[in-house]
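Beneath this line is the structure, given in structure tokens, with notes to follow.
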Amino acid sequence: MTLIPQTPSYQSMTATDTFFVCCFYTESYLDHALSLKQSLDDFGLNYVFKQVEDAGYWEANTRIKPHFILDCLERFPDKDVLYLDADAMVKKPLDHFNTVTADVEFYKTKGMAGMSHDYLASTLFFRNTPATIALVQQWIAEQVNGKRTQVDQDSLDMAMEKMAGKIEVAPLSPGYIKIFDKDYAGEIYIEQYQASRGQTKLRRQNIRKRNRMVGGMVVLIVIVALVLGLS
């Protein structure tokens, strides 16, 4: 998949941190991205933002994620990468990510009530190690020949299963992936505002189309039954 940079894109690498924040966004997410950028500027953090061409629907846009992360890891081999979705906001300093020793730090949701995937993919930390690169490459590989409704978390779960025992994974604190309308009593470092809830999703469209077709068939069957009953 080719990333197509558009204006505007932003970069700042002046901080002494061992990591930088990366974020890609489509034109419809520009306002969110600018708010995130401002929060990073407020805390003096390094970052790379890139606007990409809209792939046409939400699921396809999510599949850009591992390609963009791999590009960031390869462009800056001496820096670790903290990926944030464009609708995130940084609320407190992120010094913690200068101290991570595991290959990656993810928030694991496997087994939690109401969660459809093993990991949340809106805040993801990657140390720039060979194991990390291998994981992201596997993540990309899991998207080949995937369903059109496949999202980034589907392929990440599959990649993590295949990389089990080959990569060190640290648990990300929920304070770094706080969803804005969910209760959480701890300190909040990064808050996610779930702009995707308002995005058009192919899977949802397919379900609606199927439901309309089923509804139409039921009406047709009822009409036929009535006609036959009257004859």
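What follows is calculated from the coordinates using simple rules that are stated; it is not laboratory data. Just so it is clear, the structure is predicted and the values come from calculations on it, not from any experiment. Every residue, glycine as well, gets a Cβ built from its backbone with ideal geometry; the counts of neighbours run over all protein chains shown.
Distance check, please: which entries in K37/K147; K79/K108; K79/K162; K50/K108; K108/K178; K92/K166 exceed 21 angstrom between their Cα atoms?
Correct reply: K37/K147; K79/K108; K79/K162; K50/K108; K92/K166.
So how strong a dipole does the stretch 21-100 carry about its Cα centre when Lys and Arg Cβ are +1 and Asp and Glu Cβ are -1, to the nearest 20 debye?
Dipole size: approximately 180 debye.
Farthest toward the dipole's positive end in the stretch 1-88, which of F76, S28, W58, given Cβ charges of +1 (Lys, Arg) and -1 (Asp, Glu) about the Cα centre?
Positive-end residue among those listed: F76.
Stretched out fully, how many nm does the piece from D95 to E53 gain, at 0.36 nm a residue minus the Cα gap?
Result for the pair: 11.9 nm of gain on full extension.
Give me D for the stretch 67-117 in µm² s⁻¹, whole number, from Stokes-Einstein with Rh from the Kirkwood sum over alpha-carbon pairs, 4 °C and 1.567 mPa s.
95
Calculate the radius of gyration of the Cα atoms of the stretch 1-145 to one decimal place, then report Dmax, the largest Cα-Cα distance, as a whole number, both in Å.
14.8, 42
In debye, nearest 20, what is the charge dipole magnitude of the stretch 49-200 about its Cα centre with +1 on Lys and Arg Cβ and -1 on Asp and Glu Cβ, if you could check?
100
Over all distinct Cα pairs, what is the inverse of the mean 1/r for the stretch 81-153, reported as the Kirkwood hydrodynamic radius in Å?
Hydrodynamic radius (Kirkwood, Cα only) of the stretch 81-153 equals 14.1 Å.
Roughly speaking, what is the stretch gain from E27 to E187, that is 0.36 nm per residue apart minus the C-alpha to C-alpha distance, in nm to one decimal?
54.4 nm
Would you kindly state how much longer the chain becomes between E161 and T129 on full extension, computed as 0.36 nm times their sequence separation minus their alpha carbon distance, in nm to one decimal?
9.7 nm
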